[in-house]
Amino acid sequence: MKPVPQFLLCTMLAGFGGMLPAAAQTVPAPAPAATVHPDLWPRANWPYKVDPALEKRIADLLKKMTVEEKVGQVVQGDIASLTPADVKRYHLGSVLNGGNSAPNNDEFAPASEWLKLADRFYEASVDKSDGGVGIPVIWGTDAVHGHSNIVGATLFPHNVGLGAMHDPALMRKIAQATAAEIRATGIEWTFAPTITVPQDLRWGRAYEGYSSDPKLVASYVTQFIEGLQGAPGSINQLKGPYVLASTKHFLADGGTFGGQDQGDAKIPETTLRDIHGTPYVSAINAGVQTVMASFSSWNGEKITGHKGLMTDVLKKRMGFGGFIVSDWNAHGQVAGCTNASCPRAINAGLDMYMAPDSWKPIWENLVKQVKSGEVPMARLDDAVSNILRVKLRAGLFDAGKPSSRPLSGKFELLGSPEHRAVAREAVAKSLVLLKNNGSLLPIKAGARVLVAGDGANDVARQSGGWTLTWQGTGIDPKYFPGATSIWQGIDMGVKAAGGSATLSPDGSFSGKKPDAAIVVFGETPYAEFQGDIKTLQLRPELRGPIETMKKLKAQGIPVVALMLTGRPLFVNAAINAADAFVVGWLPGSEGAGVADVLLRGQDGKAKRDFSGTLSFPWPATGDATGPTQFPIGYGLTAASKTVVPAFSEDPKVAEADAGDVFMDKGLPATAWSLEVGGAGTGGNTRITTVPAQSGAGRVKVTATDHGVQEGARRFDIDGSGPAQIVLSTQSPVDLTRQTNGDVMLVSTMRVDAAPTMPVTLSLRSGPGGGQVALGRMERLPVGQWKTLGVPLKCFGGNVNMAKVDTPFALSTDGKLTVSVARVALGTTADVTVSCPR
């Protein structure tokens, strides 16, 4: 029996979303000390028994290894920041490809290049010409919804959609297909599954979680890990079609206050255990070989430096017998540490540092710290032993180079018909029907169907973040060979049933009135940082299709709203405007799975009925701590006769900027000021209206068009002396998390008249600042709008990134005419500036 929604009960559930007791609070309660009591935690059943022969082999290797070789095993670098020669010289135990890293710095490199590079890293690692022991390297990748870094791979729905299926058995098939595609490219290890239990949907990684219910999450873990690794206790995975798994992020990454990525879970130990710890019991029972420690904190102490949680709870009490790897430079956030040095992390129980671009200083400092005794040799030996144990169990020492292993080079596995069929089934089973007034769905055979909305014919949009690139943005359709957009799936389905379909993003049509319209709308792709929001509302710039729904409805056309989203959001205006409302989540490459449920065939039946139900509660307002509209477990079938009433469209909260936009449409964002000036002009002049100018007229500001009328500001600098264009605030922002990642300052600009002298772009925190030379902006063609990206880390060490008050200061001593429309944080740009060396 499916749960009855709030509007039928005529009562309001207390607290947001039916979330569990660890949901975000309006005001945090006084935090207890971050001290664990291991006896309160459950014991798991680690399936691997002590193997004396294996242990002897490990002991023999340790005797032969130098300190330098041992340290190398506990360091993992990113393929964009090292070479096979580095792996050999520093004896590195692992490499990874981050979200924007790929062979030859080509994010869209063919699968064959990935396999070639895997061979090169392997061969370098086992090269004993320098007298070393030659331990094989292991390569980790974020295959979080299929082998999603590879062009042509099958892209499965993100976890938020898979949770709505409530189908653990299908999860095993998805994992098996993913493992096979990973192995085709020579990689052995995936940083999956994510078994977070998100408690606040403002978190930008909430879509990586299956559910806010730890029991549902735990029910998926065993099947998925076994699909990746094989049966619990199995060995020699590399002789079969398997890879090593990594559950993440330990612990409570989904329980941070306010849903802040890399934030602080201010919760009691019992909540930490019962909500966020529950899935790890299933993971350990399934024999997961690695666990990734979280960026986040528990009651003020970073997990990556928390001995009580990593050693006393996870390893000793729960019995985990694999190795713990950190997240991307997460060690640098531990108290007393930097990206270059963090003995506290390994002393607390971390076994492998994910040090993507900091691997060399980490290696150098660890060697010194071991030799000085700051890191005990016994702890280093323990960490190395844990890593060697996993490698030996997997058969890595005997597997040969990646291209010689089973499935390697079988690129036909990427996006194979069999794997796409599994993904298509998952898409269909993940759809959740919230409303079907008038029994509009499934749409009758032979109908004239209008498909509208900005998300209808966009595979990248429907696939979300962690798709070919980190944030999943800026991807040309040609990089999705074999994929099916939602529009393409509907078009094929409608025609097969004797009807006709028309694609019209703005909802316009000519001739006969459509029998039904399907409007596809929702979120655009994002990952960590970019996905954090302050209220549970769809961003204003994404609400245009809701007006399309209203327009079509006013013309007497039945409307189906199909929402692409990584989380439940307050969209009552869309629910009210539509006759039927379907949550499509982030379905991935197989858009035809949507048509399988929305359309009737010539036999009068849909290929599949709606079976998905919410694995997260659906909010009644934009307040993340507010009431629930549809509870966990809610979801209609096509036969349901439930009539959904109109809901209040009052979000109960004010619009809130996401915090990563400093200027948009030529106007500074809330709390930011646009100023122009320069030395000798009497100080900067704040620009509130246009036309305007700085003191002495050195900089003139006018409006110009970009996207919309007057959607940018044009700055004419006369060259009479130093001049600058500045965005500043009195309320500094913390950009440390974004700087740690590959986030850039992205400016949308047009050079109208090339500068006569060099130009610099600065970022400042009080008196401290860093600048990047732009030369004479030669890379920006005169007269063309382009996005210019500068990685935040390029601004150097003189900036306190925790208190940035001026993220944009464009300066020159010469003449320059430039128009600027937008300044924001982002991960893609037409032109990217390299950091000074």
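The values are calculated or read from the model by the stated rules, or taken from the named source; none is laboratory data. Owing to the predicted nature of the structure, the values given are computational and were not obtained by experimental measurement. Virtual Cβ from ideal backbone geometry, glycine too; neighbours counted across all protein chains shown. For the accessible areas, the whole protein counts, side chains as well, though only heavy atoms, and no ligand, DNA or RNA atoms are used. Shrake-Rupley method; radii C 1.70, N 1.55, O 1.52, S 1.80 Å.
Only one of (1) free of Cβ contacts under 8 Å to residues at least 40 places away in the same chain; (2) open to solvent by less than 20 Å² (accessible area, probe 1.4 Å); (3) touching a Pro at 6+ places or on another chain (Cβ under 7 Å) is not met by residue 702, so which one is it?
Here residue 702 clears every test but (2).
Taking the range 83-120 as the region of interest, how many residues are assigned to a loop (DSSP other than H, G, I, E, B) and surrounded by fewer than 23 Cβ atoms within 10 Å (Cβ to Cβ)?
Initially, the range 83-120 is screened for residues assigned to a loop (DSSP other than H, G, I, E, B), giving 83, 91-93, 98-102, 106-110.
Among the residues that remain, those that are also surrounded by fewer than 23 Cβ atoms within 10 Å (Cβ to Cβ) are: 83, 98, 100-102, 106-110.
Looking only at that region, the number is 10.
Every residue, every condition in (1) farther than 25 Å from residue 470 by Cβ; (2) basic (Lys, Arg), yes or no:
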{"position": "63", "(1), (2)": "yes, yes"}
{"position": "71", "(1), (2)": "yes, no"}
{"position": "95", "(1), (2)": "no, no"}
{"position": "103", "(1), (2)": "no, no"}
{"position": "123", "(1), (2)": "yes, no"}
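Looking at (1) within 25 Å of residue 118 (Cα to Cα); (2) modelled with pLDDT of 95 or more, which is the only condition residue 379 fails?
(1)
Within the range 613-631, how many residues turn out to be in contact with a strand residue (DSSP E or B) (Cβ under 9 Å, 6 or more places away or on another chain) and either β-branched (Val, Ile, Thr) or not in a loop (DSSP other than H, G, I, E, B) (or both)?
Number of matching residues: 7.
Of everything in the range 102-134, what is in contact (Cβ under 8 Å) with a residue 60 or more places away in the chain and within 20 Å of residue 743 (Cα to Cα)? Give them in sequence order.
Once the filter is applied, which keeps residues that are in contact (Cβ under 8 Å) with a residue 60 or more places away in the chain and within 20 Å of residue 743 (Cα to Cα), the range 102-134 yields 107, 108.
Condition check ((1) outside any loop (DSSP other than H, G, I, E, B); (2) open to solvent by 10 Å² or more (accessible area, probe 1.4 Å); (3) farther than 17 Å from residue 552 by Cα) across all residues:
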{"site": "433", "(1), (2), (3)": "yes, no, yes"}
{"site": "445", "(1), (2), (3)": "no, yes, yes"}
{"site": "449", "(1), (2), (3)": "yes, no, no"}
{"site": "454", "(1), (2), (3)": "no, yes, no"}
{"site": "465", "(1), (2), (3)": "no, no, yes"}
{"site": "473", "(1), (2), (3)": "no, yes, yes"}
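Does the range 277-287 contain any residue that is open to solvent by 10 Å² or more (accessible area, probe 1.4 Å) and within 19 Å of the chain's Cα centre (by Cα)?
So far as the range 277-287 goes, no, none of its residues is open to solvent by 10 Å² or more (accessible area, probe 1.4 Å) and within 19 Å of the chain's Cα centre (by Cα).
Would you pick out the residues in the range 254-266 that are out of contact with any Lys or Arg (no Cβ under 6 Å at 6 or more places or on another chain), open to solvent by 10 Å² or more (accessible area, probe 1.4 Å) and not in a strand (DSSP E or B)?
Answer for the range 254-266, where residues must be out of contact with any Lys or Arg (no Cβ under 6 Å at 6 or more places or on another chain), open to solvent by 10 Å² or more (accessible area, probe 1.4 Å) and not in a strand (DSSP E or B): 258, 260, 266.
Please specify each residue of the range 769-785 satisfying the condition of being within 19 Å of residue 726 (Cα to Cα) and either touching a Phe, Trp or Tyr at 6+ places or on another chain (Cβ under 8 Å) or surrounded by 15 or more Cβ atoms within 10 Å (Cβ to Cβ) (or both).
Of all residues in the range 769-785, those within 19 Å of residue 726 (Cα to Cα) come to 769-777.
Once the filter is applied, which keeps residues that are within 19 Å of residue 726 (Cα to Cα) and either touching a Phe, Trp or Tyr at 6+ places or on another chain (Cβ under 8 Å) or surrounded by 15 or more Cβ atoms within 10 Å (Cβ to Cβ) (or both), the range 769-785 yields 769, 770, 771, 772, 774, 776, 777.
Within the range 377-401, take every residue that is open to solvent by 30 Å² or more (accessible area, probe 1.4 Å) and of a type in the set (A, V, I, L, M, F, W, C) and give me the one that is nearest to residue 127 (Cα to Cα).
Restricting to residues being open to solvent by 30 Å² or more (accessible area, probe 1.4 Å) and of a type in the set (A, V, I, L, M, F, W, C), the top hit is 397.
What number of residues in the range 804-837 are part of a strand (DSSP E or B) and either acidic (Asp, Glu) or closer than 17 Å to residue 775 by Cα (or both)?
Residues of the range 804-837 that are part of a strand (DSSP E or B), as a first pass: 804, 806-812, 815-826, 831-832.
Imposing the further condition that a residue be either acidic (Asp, Glu) or closer than 17 Å to residue 775 by Cα (or both) reduces the set to 808-812, 815-818, 831-832.
Total satisfying the criteria: 11.
Looking at the range 793-809, I want the residues that are free of Cβ contacts under 8 Å to residues at least 40 places away in the same chain and have a partner that is of a type in the set (Lys, Arg) and surrounded by 19 or more Cβ atoms within 10 Å (Cβ to Cβ) with Cβ atoms under 8 Å, at least 6 apart or on another chain. Which pairs are those?
799/764
Of all the residues that make up the range 307-332, how many are farther than 22 Å from residue 269 by Cα and open to solvent by 40 Å² or more (accessible area, probe 1.4 Å)?
Looking only at that region, the number is 1.
Evaluate the range 92-114: report whether one residue or more is within 17 Å of residue 415 (Cβ to Cβ) and of a type in the set (Val, Ile, Thr).
Looking through the range 92-114, none of the residues is within 17 Å of residue 415 (Cβ to Cβ) and of a type in the set (Val, Ile, Thr).
Note down all Cβ pairs under 6 Å where the first residue falls in the range 487-515 and is open to solvent by less than 50 Å² (accessible area, probe 1.4 Å), the second is among the polar types (S, T, N, Q) and not in a loop (DSSP other than H, G, I, E, B), and they're at least six residues apart or on different chains.
Short answer, once both residue conditions are applied: 507/548.
Cβ-Cβ under 7 Å, sequence separation 6+ or interchain: first residue in the range 52-71 and under 17 Å from residue 131 (Cβ atoms), partner at pLDDT 95 or above and among the hydroxyl-bearing types (Ser, Thr, Tyr). Which pairs?
From residues that are under 17 Å from residue 131 (Cβ atoms), the pairs are 62/385.
Suppose the filter is in contact with a strand residue (DSSP E or B) (Cβ under 7 Å, 6 or more places away or on another chain), open to solvent by less than 10 Å² (accessible area, probe 1.4 Å) and closer than 24 Å to residue 295 by Cα; does residue 763 pass it? Before the answer, list the steps.
Working: in contact with a strand residue (DSSP E or B) (Cβ under 7 Å, 6 or more places away or on another chain): yes; open to solvent by less than 10 Å² (accessible area, probe 1.4 Å): yes; closer than 24 Å to residue 295 by Cα: no.
Considered against the rule, which asks whether it is in contact with a strand residue (DSSP E or B) (Cβ under 7 Å, 6 or more places away or on another chain), open to solvent by less than 10 Å² (accessible area, probe 1.4 Å) and closer than 24 Å to residue 295 by Cα, residue 763 comes out as no.
Please count how many residues of the range 693-746 are part of a strand (DSSP E or B) and touching a strand residue (DSSP E or B) at 6+ places or on another chain (Cβ under 8 Å).
Of all residues in the range 693-746, those part of a strand (DSSP E or B) come to 693, 699-706, 708-718, 723-728, 733, 744-746.
Filter again for touching a strand residue (DSSP E or B) at 6+ places or on another chain (Cβ under 8 Å), leaving 693, 699-706, 710-718, 723-728, 733, 744-746.
The qualifying residues number 28.
Which members of the range 40-81 meet the condition of being of a type in the set (D, E, K, R), in a helix (DSSP H, G or I) and open to solvent by 70 Å² or more (accessible area, probe 1.4 Å)? It would help to see each step written out before you state the result.
Initial filter on the range 40-81 (of a type in the set (D, E, K, R)): 43, 49, 51, 55-57, 60, 63-64, 68-70, 78.
Of the ones still in play, those that are also in a helix (DSSP H, G or I) are 55-57, 60, 63-64, 68-70.
Passing the criteria: 56, 57, 63, 64.
Look at residue 369 and say whether it is within 26 Å of the chain's Cα centre (by Cα) and more than 23 Å from residue 38 (Cβ to Cβ). Lay out the reasoning, then the answer.
Numbers: within 26 Å of the chain's Cα centre (by Cα): no; more than 23 Å from residue 38 (Cβ to Cβ): yes.
No, not satisfied.
Please go through the range 552-576 and pick out each residue that is open to solvent by less than 10 Å² (accessible area, probe 1.4 Å) and either in a helix (DSSP H, G or I) or more than 19 Å from residue 443 (Cα to Cα) (or both). Don't jump to the end; show me each part of the working.
Residues of the range 552-576 open to solvent by less than 10 Å² (accessible area, probe 1.4 Å): 552, 557, 559-569, 571-572, 574-575.
Those that are open to solvent by less than 10 Å² (accessible area, probe 1.4 Å) and either in a helix (DSSP H, G or I) or more than 19 Å from residue 443 (Cα to Cα) (or both): 552, 564, 565, 566, 567, 568, 569, 571, 572, 574, 575.
Of all residues in the range 491-513, count the ones that are assigned to a loop (DSSP other than H, G, I, E, B) and among the small types (Gly, Ala, Ser).
We begin by selecting, within the range 491-513, every residue assigned to a loop (DSSP other than H, G, I, E, B); these are 497-499, 504-513.
The next check asks that each one be among the small types (Gly, Ala, Ser); those that pass are 497-499, 504, 507-508, 510-511.
Qualifying residue count for the region: 8.
Would you check which residues across the range 740-760 are open to solvent by less than 30 Å² (accessible area, probe 1.4 Å) and either hydrophobic (A, V, I, L, M, F, W, C) or more than 21 Å from residue 668 (Cβ to Cβ) (or both) and list them?
Of the residues in the range 740-760, the ones open to solvent by less than 30 Å² (accessible area, probe 1.4 Å) are 740-741, 743-749, 751, 755, 759.
If the condition is that a residue be open to solvent by less than 30 Å² (accessible area, probe 1.4 Å) and either hydrophobic (A, V, I, L, M, F, W, C) or more than 21 Å from residue 668 (Cβ to Cβ) (or both), then 740, 741, 743, 744, 745, 746, 749, 751, 755, 759 are the ones that fit.
Against the conditions (1) open to solvent by 10 Å² or more (accessible area, probe 1.4 Å); (2) of a type in the set (Val, Ile, Thr); (3) touching a Lys or Arg at 6+ places or on another chain (Cβ under 8 Å), where does residue 367 fall short? Just the number, please.
Against the list (1) open to solvent by 10 Å² or more (accessible area, probe 1.4 Å); (2) of a type in the set (Val, Ile, Thr); (3) touching a Lys or Arg at 6+ places or on another chain (Cβ under 8 Å), residue 367 comes up short only on (3).
Among the candidates 277, 321, 255, single out the residue that is small (Gly, Ala, Ser) and under 20 Å from residue 528 (Cβ atoms). Lay out the reasoning, then the answer.
Details: 277 fails: under 20 Å from residue 528 (Cβ atoms); 321 fails: under 20 Å from residue 528 (Cβ atoms).
None of the other options fit; the residue is 255.
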